[in-house]
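What follows is a set of notes on a single structure, which appears directly below.
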Amino acid sequence: MIRSVVRGYGAALPKRVVTNRELEETVETSDEWIVQRTGIRQRYIAGEGETTASLGEQAARAALDNAGLTPDDIDLVLVATSTPNNTFPATAVEIQNRLGMTHGYAFDMQAVCTGFVYAMATADLHIRGGMAKRALVIGAETFSRILDWNDRTTCVLFGDGAGALVIEAAEGEGTIADRGVLTSHLRSDGSHKDKLYVDGGPSTTGTVGHLRMEGREVFKHAVAMITDVIEGAFAATGTTAEDLDWLVPHQANRRIIDGSAKKLGIPSEKVVVTVDMHGNTSAASIPLALSVACADGRIKKGDLVMLEAMGGGFTWGALMVRW
Ligand code: UT7
C-alpha cells in the first residue's frame, strides 16, 4: 500500500527574541508567573517584512534542502495557519509563488493550533489517494499580529514561526513496521467555539480582530481531549506507550504537555518540549519542535513518533508516523 513518508524537515524563526523580562516592561506580569504557569521563557516576534508567507517560504526551502529536492519535485503545498498574509488568496498560493512553482496545487488549512495535525492527515489522504506524489506540509504563524498587547492573559503566551515537512509516496507493506503516516485521528466540537477565538473577521466586523481566550476553560479540557485521540491512535495500530520513541506535542503549556504524558504513561525523556524557547506558535509549534528534535539527532529514521494538538474550535487530533 502507499504510505506518506517524511523525507525532509525545516524551520524558520523571526530575528527578534522577546524574553519574559522584556514583557515585564509593557504588561503587568513577571518572568516567574509565566515560567511557573506555562514553561515559556522567550518567544520570537516577527518584525517588518517578516510575515506568515515569508517564514513559511523559509521553512519550506529548508525542508526541500534537507530532502535534497527542489520546488519542481513538489505537487502539493499545504499551509496550516490562522494568521494568513491576506484573507485570500491562500498563503499556500503565496508560498507556492515565492518558491517559483506554477505547477501543482496549494491551499490553506484552518484548524488553529491543531492545524498541522489536520494538514498532515489531509496531505496523507491526497498522497494515498494518488492526487499528489510529494507534498510540502507547512505550519506558519504570526500570532503576534492578532494579539491584544494590553491583555496579559494572552499576549505572554504566543510567538511567531514556521516549520515544514516534505512527505512523499512510498510503497509500504501495510503494517506498523512501515515508514510513513500510520494513523490519524481528528476531532472537533464547535460548542466550545467561544472559549478561544478571534473577535473579528471578514464576514462579521470586517476587521482582523484580536485573540480572546478563557485560558482556564481551555486548560480544563486539554488533557482529556489530547489523551483520548492518542489512545485512539494506539488502539488503531495495536501499539502502546511503550512502543513510542517520541511524543511531539503542540507546545502551548508545559503543564498540559506533562499532564498528558503522565496520564498516558509516556516518560518525560520521550517528550519533545520547545515551549520554553518558542512559546505557543499555534500551527507552527509541532513542525518547529520536530525540526529541533531531528536536527539534534533525537528523532531518527525508523522511530515511532506521535504528534498531537488541541486548540480553538475546539479542534484536536493525533497522528502517528514512523520516521
Ligand atoms: O494553543 C491553544 C490551546 N491553548 C492553551 O492550551 C492554553 C490553555 N490555558 C493555559 O495554558 C492556562 O490556563 C494559562 C497559562 C492561560 C493560565 O494559567 P492558569 O493557571 O489557568 O491561570 P488563571 O487564568 O487561572 O489565572 C491565575 C491568576 C489570575 O489572577 P487572580 O484572578 O487569581 O487574581 C490572573 O489574573 O493569574 C493572573 N494572570 C497573570 N498574572 C501575571 C493571568 N495572566 C497573567 C500574567 N501575569 N501574564
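For segment 81-183, the set of chymotrypsin sites (Phe, Trp or Tyr not before Pro) satisfying both a DSSP loop assignment and a count of at most 15 other C-beta atoms within 10 Å is given as Trp149.
Sorted from longest to shortest, the spans of the Cα atoms of segment 257-308 along the three principal axes equal 27, 25, 16 Å. Helices in the chain, meaning DSSP H runs of at least 4 residues, each add -39500 (n - 2.57). Divided by all residues, the mean residue ellipticity at 222 nm is -9500 deg cm²/dmol. Simple point charges give the picture: +1 on the Cβ of Lys and Arg, -1 on the Cβ of Asp and Glu, and for the chain a dipole about the Cα centre of about 260 debye. On the beta carbon distance between Lys263 and Thr102, with R0 = 56 Å, the FRET formula returns roughly 0.70. In the chain, taking the dipole from charged Cβ atoms about the Cα centre, the farthest positive-side position among Met1, Thr102, Gly200 is held by Met1.
In segment 180-322, taking the dipole from charged Cβ atoms about the Cα centre, the farthest positive-side position among Thr237, His185, Leu290 is held by Leu290.
When all protein chains stay in place and ligands, DNA and RNA are ignored, the 1.4 Å accessible-area order of Arg216, Arg255, largest first, is Arg216, Arg255.
Counting only Cα atoms, the chain measures 56, 46, 38 Å along its principal axes, largest extent leading. Kirkwood-based Rg over Rh for segment 1-153 (C-alpha set), two decimals? Checking Rg against Rh, the ratio lands at 1.04.
A full extension of the chain between Asp276 and Thr29 corresponds to an added length of 87.3 nm, given 0.36 nm per residue minus the alpha carbon distance. Helices in the chain that qualify as membrane-span-like (whole DSSP H runs, Cα extent of at least 27 Å along the helix axis, mean Kyte-Doolittle hydropathy of 0.5 or higher) are 215-237.
Would you mind telling me the antiparallel percentage of the DSSP bridges in the chain, rounded to 5? Counting DSSP beta bridges with both partners in the chain, the antiparallel share is about 70 percent. Full extension of the chain between Lys133 and Thr175 yields a length gain of 13.1 nm, computed as 0.36 nm times the residue separation minus the alpha carbon distance. Computed over segment 180-322, the range of Cα coordinates on each principal axis works out to 48, 30, 27 Å, biggest value leading.
The values are calculated or read from the model by the stated rules, or taken from the named source; none is laboratory data. If you're wondering where the values come from, they're calculated on a predicted model, not measured in any experiment. So basically every Cβ, Gly included, is an ideal-geometry build from the backbone, and we count neighbours across all protein chains shown. What goes into the accessible areas is simple: the full protein's heavy atoms, side chains included, and nothing from ligands, DNA or RNA. Shrake-Rupley method; radii C 1.70, N 1.55, O 1.52, S 1.80 Å.
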